[in-house]
1. Magnitude of the Cβ-charge dipole of the range 312-456, K/R +1 and D/E -1, about the Cα centre, nearest 20 debye?
2. Provide, as a two-decimal number, the C-alpha radius of gyration of the range 361-428 over 2.2 N^0.38 Å, N being how many residues it has.
3. Mind listing P(r) for the range 413-452? All alpha-carbon pairs, 5 Å bins, whole percents.
4. For a paramagnetic label modelled at 7 Å from the Cα of Leu242 toward its Cβ, which residues of the range 263-280 fall within the zone defined by backbone nitrogen distances under 15 Å?
5. Would you count, across the range 112-257, every pair of lysines whose alpha carbons are under 25 angstrom apart, provided the pair is eight or more residues apart or spans two chains?
6. For labels at Met483 and Glu292 in the simple 7 Å Cα→Cβ model, what's the distance in nm?
7. Cα extents of the range 125-251 along the three principal axes, largest first, in whole Å?
8. For a quick protection proxy, order the peptides 224-232, 165-173 by their average other-Cβ count within 10 Å, most packed first.
Amino acid sequence: MDNYAQEINRRRTFAIISHPDAGKTTLTEKFLLYGGAINLAGSVKGKATARHAVADWMEIEKERGISVTSSVLQFEYGGFCINILDTPGHQDFSEDTYRTLMAADSAVMVIDASKGVEAQTRKLFKVCVMRKIPIFTFINKMDRDANDTFELLDEIEKELGIATCPVNWPIGSGKSFKGVYDRKRHCVITYSDTEKGTKEGETREIPVSDEAELERAIGSRAKETLEEEIELLDGASAEFDLDLVRSGDLTPVFFGSALTNFGVEFFLKHFLEMATTPLPRRADSGLIMPAENDFSAFVFKIQANMNKAHRDRIAFMRICSGKYEASMEVKHVQGNKVMRLSQPQQIMASERKILEEAYAGDIIGVFDPGIFSIGDTLCMPKEQFCYEGIPTFAPEHFARVRQVDTMKRKQFVKGITQIAQEGAIQIFQEFNTGMEEIIVGVVGVLQFDVLKYRLENEYNVEIRLDNLPYEHIRWIENKEIDMDSLTGTSDMKKIRDLKGNPLLLFINAWSVGMTLERNKGLVLSEFGRD
């Protein structure tokens, strides 16, 4: 038991979140570089060279240069075993990010120094606050002209409602970026550009007390500015308090440049010291402790066709407690069935390694023959509990899906059902018809492009999408309501989901209230439940 408690305690599992283009994927790659997991970082956009970012494995991601699905990456560094959940930054894929945050113990928020807090940062941050996830901030792209440093901190505090505590402080930005001041050790770490994709670079440490050397290294003007800013900073910023960091009320802030590698290792080392070991998880039977309880896990993501050659489907699970050992029998609670997990793997983007063992905090991928759903719980056969469900977000855009070639009906139904089970899209049917009439709902319109692309490339099925005017969807909580006698508005449409649950679509928001008035006892909800 002691040995596995030790293994669990060296785990750090975190998600990286940001607005698109803040440099999140580049930062992830540099972490992998320091951990020795890769030898050369990929070109994120895939234009300058033929290399693509390790984290972006899906074909459409390589073509567009954006992340559309979360990747899971595991590596060792400094005695720690690190699980990174790299999430899509684009808001059209935010539902995948919300679910991924359920599997993380902390979050790293990447902010572009020239843009500050952006719309998507706000949205994702609210999810972290809701879950009380500790947040660590990396202000990136200091090698480009940046906003005023105090203004950046002020913006984080005002926009996101969290206190900030800078751990280091930048000296200039863009062409005049000289390095950072380490507040704890009272020294300046100078910056020298590194070759793209490598981790070698010259850094020097100069104690602030060595005034002559400091002036030689950064110049007298930068030295004066730094002294003034340190004085201001010491008087104005919040004191560092690890308890406040871990409760999600204070964010440590780091400055650097992921592209040129400056400040990345400094951030990684400090983050590992401050971040928590795997946290207890809430189940219907109470709190499940990582080291005291036997193996348990929950499914937070399903991804089909990661391997084009095998047409497989992987269920990603976060291990919440205990130790997983190959060929052990576990209970799939929702399916009420004891089983052996098939081909449990550690996933490194599209690379895989079959696992013999894994511990609380680890993320494993398991071959799924179609039995798992997002939110499912696995535990030891003698136990019976369920982890908290993962909410389904209401789609905001709807389209009718039509097949171009009706002879490929079987592939079409299989493809669209599998993609829906991953949670990226939701599919519905007209209330009184079967699969002939399919309506697809998405959180962001870019998901329509992904659906079209994947059906064509992975299932060899061409589709046409006809946009529908509906913008509001409601689940019917009291299933006993007679759908045929339900009185709605002229812009209302009755549909059902894949599990047969009745739902209503509306064009106008006011129609929701009117329908509730016309049908006494009707209870509508904005969220679906597993």
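1. My answer is approximately 340 debye.
2. Values: Rg = 16.3 Å, N = 68, 2.2 N^0.38 = 10.9 Å.
Computed over Cα atoms of the range 361-428, the ratio equals 1.49.
3. 5, 24, 33, 23, 12, 3
4. Within reach of a label on Leu242, which here means backbone N under 15 Å from a point 7 Å along Cα→Cβ, the range 263-280 contributes 269-278.
5. Lysine pairs meeting the criterion: 28.
6. Once both label points are built, they end up 4.6 nm from each other.
7. 47, 37, 24
8. Order by mean packing, descending: 165-173, 224-232.
Readers should treat all values here as calculations from the given coordinates under stated rules, not as data from a laboratory. Here the structure is a predicted model, which means the values were calculated and not measured. Positions of Cβ are generated from backbone atoms using ideal geometry, with glycine treated the same way; all protein chains shown enter the neighbour counts.
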